[in-house]
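Worksheet: one structure, shown below.
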Amino acid sequence: MKTKFFLIAIALLSFNYIIAQSGAYQKAMGEALAKLSDAENPDDLNAVSNDFDRIAMQAEGDLWSNYYAVLAQIRSSFSIQDVSRRDALLDNVLERISKTQEKHPQSSELEVLRGYALMSKMVIDPASRGQKYSPMVAQSYGKAMAMDQTNPRAMAMMARWELGTAQFFGSETTKPCGMAQKSIELFEQYEPKGFEPRWGREVAEEVLTACAQ
Amino acid sequence: MIKAMRFTFLFFSLLLSISSFAQNEISGYVLSAKGDSLPGVNIWVKDSFNGTSTDNKGYFKLNVPDTCSLVASFIGYKQLEIPVISGTKDIQITLKETVNELSAVNITAGTIEVNEKATSVVMKPIDILTTAGAVGDITGALNTLPGTATVANDGRLFVRGGDANETAIFFDGLRVGNAYGTTAANLPTRNRFNPTLFKGTFFSTGGYSAEYGDALSSVLSLQSIDKPVRNQTDISLMSVGGSVASTFVGKKQSVTAELAGFDLGPYQGVIKQNFDWEQAPKSYSGQVVYRHDVGKSGIIKAFFQGSSSSLELWRPNPGVEGRGTLTAVDNDFLFGNVSLAGQLGNKWRSEGGISISQNEDRFALGAENYGQENTLIHIKEKLTYYPSNQVKIRFGAESFLRNYSEIDLNYNSERGFKEARSAGFSELEWYASNDFTLKGGLRLSHSDLTQVWTLEPRLAAAYRLYEKGSLSLAAGLFSQPQNDDYRLMRNRIHDQEASHVQLSFQHGSSDRTFRLEIYNKEYQAFGIVSDQGALARGDGFARGLDIFFRDRKSISNLDYWVTYSYVRSRRQFGTFQGQVQPSFAPEHNFSVVTKYWIEDLKSQAGISLAANSGYTYDDPNLPGEMESQSPYYASLSVNWSYLVRQNLIIHVACNNVLGRENVFGYNYASQPDSNGQFAAMPIGQPADRFVFIGVFWTLSSDKQANQLNNL
């Protein structure tokens with residue numbers, strides 16, 4: 001009896017494993033990623049996030065399908081004007097990041113997304129939320145950088161965040177500009193494997209352009 | 001084992017290949033139960049990667065196997081599974097909205113939530129610090145909201161024609177005794193707690209839930225911060241004192257400790273005062289907050305505050321030359337609070353704790369010397385059960401232990417009372433649909449002193465009229481013990497009672513809100529003093545209307561709100577023979593608060609106006625009771641916050657900047673003069689203006705932040 005349970009359990013586990021390794025998973029991810037890079041508006045982003053959701057549902061706890069579903073949702077959140085809807089979406093996103101982190105506690109990329117989502121929450125109402133969320137955003141990017149010192153996205157996002165803060169307070173921009181430069185260098189050496197993310201260079205470049213002015 | 005794996009692999013490959021044979025394109029349309037088409041709905045064939053999303057008109061096309069199940073999923077709606085039978089070409093899917101606490105319409109009647117959630121449209125926590133005129137006082141900021149009356153010579157919260165002690169104040173769900181600092185008569189006080197301690201505030205101006213008892217008019221519930229974000233030290237230097245606070249954040253725990261000292265002496269040396277001070281107000285206080293995570297979702301919080309304050313001033317006597325009577329006030333206050341909150345499984349939540357407030361006052365009024373000692377212990381446990389997303393059941397029990405005494409220090413005589421009050425409450429909240437919420441509760445309480453059992457029903461409902469507009473109603477019976485003066489005269493005197501009914505309309509979103517409320521409050525069993533001593537025989541009413549409008553949208557960088565409250569209040573209490581309009585219930589109350597962010601100057605400027613139609617007072621030279629009324633009250637306040645750096649703020653504020661000489665009434669001589677007239681002396685403000693300058697500096701020792709600096 002016991003062995004039967006064991007076999008069923010193993011069979012179920014391997015199901016996810018097989019799905020994740022299967023051609024169908026690869027194909028679906030490839031298609032969804034292509035759609036993500038072509039996404040132009042919130043509707044596109046929502047549709048792409050649906051695509052990744054479907055993959056994530058078949059491959060429970062899978063890192064990249066969850067990662068991209070969340071990324072698409074965060075990107076679309078910036079265009080939602082209704083505060084309650086936006087908050088609901090982002091709370092959902094943050095919860096999902098935490099849940100995925102339980103299985104992938106060492107993922108620096110998930111921590112970058114947390115900072116990104118918190119940033120979207122903060123800009124809803126900087127005057128009343130800044131005090132609480134600003135340190136949280138910086139903390140997430142900082143943590144992501146500490147988890148993986150070669151993560152160019154963590155560095156780029158932090159550079160953009162610090163630049164925004166420096167511009168707001170009219171203080172020195174040397175630090176964010178240096179960070180953006182460092183991020184570009186990291187991108188040069190960055191060799192993504194599998195579905196590891198490729199975005200973020202444009203963020204660092206954007207910061208450098210602002211620095212040059 | 002390997003066999004099993006192989007088998008599964010084969011099995012699923014087979015399934016995948018089968019499903020790729022018999023394909024069949026279907027067209028579909030997804031709509032809500034209300035008939036609106038739903039764009040962006042996730043549609044897929046069950047247990048596969050095969051799926052799509054609906055377009056912006058709610059349509060989709062999908063190749064599906066001959067027989068399968070389709071799943072439709074959309075945020076805010078219940079996921080639906082539909083079997084597709086062979087040959088189907090068109091399909092229509094109707095999704096039902098999910099109904100839960102977050103999506104359902106809010107009960108807004110009498111309710112003002114101050115937190116960062118989108119539903120708290122009236123006030124945000126930061127507003128307490130940035131409202132001109134409030135000078136960082138929680139009460140000062142709440143006094144700009146509908147249903148309150150500014151009584152500037154008192155400083156406490158007066159809600160809808162009620163006395164200040166008709167508002168019960170809670171800290172993390174536990175009652176605080178003596179929540180305001182002790183002062184002399186006609187010298188305004190402040191709330192004892194630093195507003196930066198709290199993440200949110202729930203303020204109710206009536207019709208509150210069965211959870212709250214011993215409160216006749218209003219409830220103010222302060223919720224402290226669960227998790228500070230980082231290690232930091234805050235240093236404040238102010239024209240009236242200073243403070244240092246440090247926060248240490250660990251993995252599962254954090255500690256914040258603060259020391260503060262205030263002395264108005266140097267300030268009063270520079271700015272002219274109307275009062276004749278012997279010793280300016282001085283106070284010292286310390287506080288510690290400790291928080292520790294328990295399990296996955298639980299948190300234990302402990303808070304402790306101790307403070308000591310004193311002041312001495314000369315009070316002139318009407319009709320008598322000279323400095324008058326020397327009044328001295330000394331106060332020692334301790335408050336401690338431990339609370340534990342957390343989930344018990346998926347369907348239960350438990351919140352409980354204990355608080356202790358201990359207050360000691362010493363008054364010297366000329367030759368009179370007396371003291372007051374008050375101890376209040378509150379123990380509470382509350383359980384919330386969620387049988388489904390649409391139902392919430394709350395019940396709990398609590399005890400209040402009270403020990404109060406008044407000591408005549410000249411004769412060393414003491415009188416007082418001890419009391420144990422216990423109560424149980426239960427409440428059911430039902431989100432019938434997203435457009436209708438109903439809440440009903442019962443509260444049963446007993447006092448070992450009055451020996452009376454009290455049963456109080458409470459009821460509230462909300463109905464969404466249209467997307468942004470809702471109507472809500474709240475009603476109930478409320479009671480609280482008599483004021484201490486009456487209880488000293490008659491320990492077992494019956495509680496005061498009130499009934500509330502209120503109707504509220506709210507329109508708007510988080511950046512533009514309009515609210516209108518009408519209410520009626522009937523009082524009975526007020527304490528009166530007759531020739532038979534203290535009796536619970538007074539009665540009265542308060543009825544009126546509150547209007548609130550807040551707009552953060554129309555003009556960029558400008559945030560403003562306007563409040564008008566009308567209250568008609570009459571009551572028989574104390575030594576009055578009939579019903580009078582109490583001095584703390586001005587009929588017309590008006591306030592405007594504006595905040596303007598000036599990007600170029602990295603500054604926020606604020607202007608506030610508080611005004612009312614004047615306070616009633618009793619003139620012994622005229623027939624009748626409380627027949628006179630002071631001129632209208634008005635105070636214009638300004639403030640300016642300058643962000644020097646991210647961690648350095650300079651704040652300058654001035655209350656009553658125009659220096660209007662407000663009069664709150666008159667003090668009269670106890671004996672008539674030779675002409676048979678009682679000499680009068682106006683009750684005015686301690687100073688024409690109050691000027692505040694503060695520098696707030698935050699030092700953060702964030703590890704990550706330091707790491708970045710090494711780049």
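The values are calculated or read from the model by the stated rules, or taken from the named source; none is laboratory data. Remember, it's a predicted structure, so these values are computed and weren't measured experimentally. Cβ atoms come from the backbone with ideal geometry, glycine included; neighbour counts cover every protein chain shown. Just so you know, the surface numbers come from the protein's heavy atoms only, side chains and all, with ligands and any DNA or RNA stripped out. Shrake-Rupley method; radii C 1.70, N 1.55, O 1.52, S 1.80 Å.
Things to note:
- Hey, B:Ala257 surrounded by fewer than 20 Cβ atoms within 10 Å (Cβ to Cβ), modelled with pLDDT of 95 or more and touching a strand residue (DSSP E or B) at 6+ places or on another chain (Cβ under 9 Å) or not: yes
- Test: B:Gly200 is within 14 Å of another protein chain (Cβ to nearest Cβ), open to solvent by less than 20 Å² (accessible area, probe 1.4 Å) and outside any helix (DSSP H, G or I): yes
- Any hit, region B:134-143, residues being under 30 Å from B:Ile683 (Cα atoms), part of a strand (DSSP E or B) and assigned by TED's automatic domain parsing to the domain that holds B:Trp430: no
- If you go through region A:119-129 and pick out every residue that is away from chain B (no Cβ under 11 Å) and assigned to a helix (DSSP H, G or I), you end up with 2.
- Count - residues of region A:135-151 that are open to solvent by 60 Å² or more (accessible area, probe 1.4 Å) and at the interface with chain B (Cβ under 7 Å from one of its Cβ atoms): 1
- Residues within region B:639-659 that are open to solvent by less than 50 Å² (accessible area, probe 1.4 Å) and in a strand (DSSP E or B), tallied: 9
- Condition check for A:Met158: under 24 Å from B:Val644 (Cβ atoms), within 11 Å of chain B (Cβ to nearest Cβ) and open to solvent by less than 10 Å² (accessible area, probe 1.4 Å): yes
- Residue match in region A:141-154 (condition: in a helix (DSSP H, G or I) and within 24 Å of A:Asn41 (Cβ to Cβ)): yes
- Test: A:Leu186 is of a type in the set (A, V, I, L, M), open to solvent by less than 80 Å² (accessible area, probe 1.4 Å) and over 26 Å from A:His104 (Cα atoms): no
- Looking across region A:102-118 at every residue that is open to solvent by 30 Å² or more (accessible area, probe 1.4 Å) and part of a helix (DSSP H, G or I), the one that is nearest to the other protein chains (Cβ to nearest Cβ) is identified as A:Glu102.
- Failed item, numbered, when A:Glu202 is tested on (1) among the acidic types (Asp, Glu); (2) open to solvent by less than 70 Å² (accessible area, probe 1.4 Å); (3) at pLDDT 90 or above: (2)
- Failed condition for B:Asp226, given (1) of a type in the set (D, E, K, R); (2) more than 25 Å from B:Ser339 (Cα to Cα); (3) in a loop (DSSP other than H, G, I, E, B): (2)
- Checking B:Gln79, B:Gln92 one by one, the residue that is among the polar types (S, T, N, Q) and either within 11 Å of chain A (Cβ to nearest Cβ) or without any contact (Cβ under 8 Å) to a residue 40 or more places away in the chain (or both) is B:Gln79 and no other.
- All positions within region B:350-396 that are farther than 30 Å from B:Ala184 by Cβ and open to solvent by 60 Å² or more (accessible area, probe 1.4 Å): B:Ile354, B:Ile379, B:Glu381, B:Tyr385, B:Tyr386, B:Asn389, B:Phe395
- One residue alone among B:Pro623, B:Pro631 is without any contact (Cβ under 8 Å) to a residue 12 or more places away in the chain, open to solvent by 30 Å² or more (accessible area, probe 1.4 Å) and either within 14 Å of chain A (Cβ to nearest Cβ) or outside any strand (DSSP E or B) (or both), and that residue is B:Pro623.
- Among residues that are at the interface with chain B (Cβ under 8 Å from one of its Cβ atoms) and closer than 30 Å to B:Met123 by Cα, A:Lys132 is included.
- Residues within region A:162-173 that are modelled with pLDDT of 90 or more and within 11 Å of chain B (Cβ to nearest Cβ), tallied: 1
- The numbered conditions (1) under 19 Å from B:Ala420 (Cβ atoms); (2) open to solvent by 80 Å² or more (accessible area, probe 1.4 Å) are all true for B:Val452 except (2).
- The residue that is farthest from A:Pro42 (Cα to Cα), counting only those in region A:71-97 that are acidic (Asp, Glu) and open to solvent by 50 Å² or more (accessible area, probe 1.4 Å), is A:Glu95.
- Per-region count, region B:582-611, residues within 14 Å of chain A (Cβ to nearest Cβ), in contact with a Lys or Arg (Cβ under 8 Å, 6 or more places away or on another chain) and open to solvent by 30 Å² or more (accessible area, probe 1.4 Å): 1
For (1) facing chain B (nearest Cβ under 10 Å); (2) charged (D, E, K, R), each residue gets a yes or a no:
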{"position": "A:Ser37", "(1), (2)": "no, no"}
{"position": "A:Asn46", "(1), (2)": "yes, no"}
{"position": "A:Gln73", "(1), (2)": "yes, no"}
{"position": "A:Ile80", "(1), (2)": "no, no"}
{"position": "A:Asp87", "(1), (2)": "yes, yes"}
{"position": "A:Ile97", "(1), (2)": "no, no"}
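- Cβ separations smaller than 8 Å between residues 6+ apart or across chains give the following pairs from region B:498-511 residues that are at positive phi to residues that are open to solvent by 30 Å² or more (accessible area, probe 1.4 Å) and of a type in the set (D, E, K, R): B:Gly508/B:Lys468.
- Just one of the listed residues (A:Lys182, A:Lys193) is facing chain B (nearest Cβ under 10 Å) and of a type outside the set (Val, Ile, Thr), namely A:Lys182.
- For region B:20-53, taking the residues that are more than 9 Å from every other protein chain (Cβ to nearest Cβ) and assigned to a loop (DSSP other than H, G, I, E, B), the one that is surrounded by the most Cβ atoms within 10 Å (Cβ to Cβ) is identified as B:Leu38.
- Test result for B:Gly155, part of a loop (DSSP other than H, G, I, E, B) and touching a strand residue (DSSP E or B) at 6+ places or on another chain (Cβ under 6 Å): no
- Cross-chain or 6+ apart pairs with Cβ under 9 Å, region A:171-182 first and farther than 10 Å from A:Ala156 by Cα, then of a type in the set (Lys, Arg) and not in a helix (DSSP H, G or I): A:Ser171/B:Arg645
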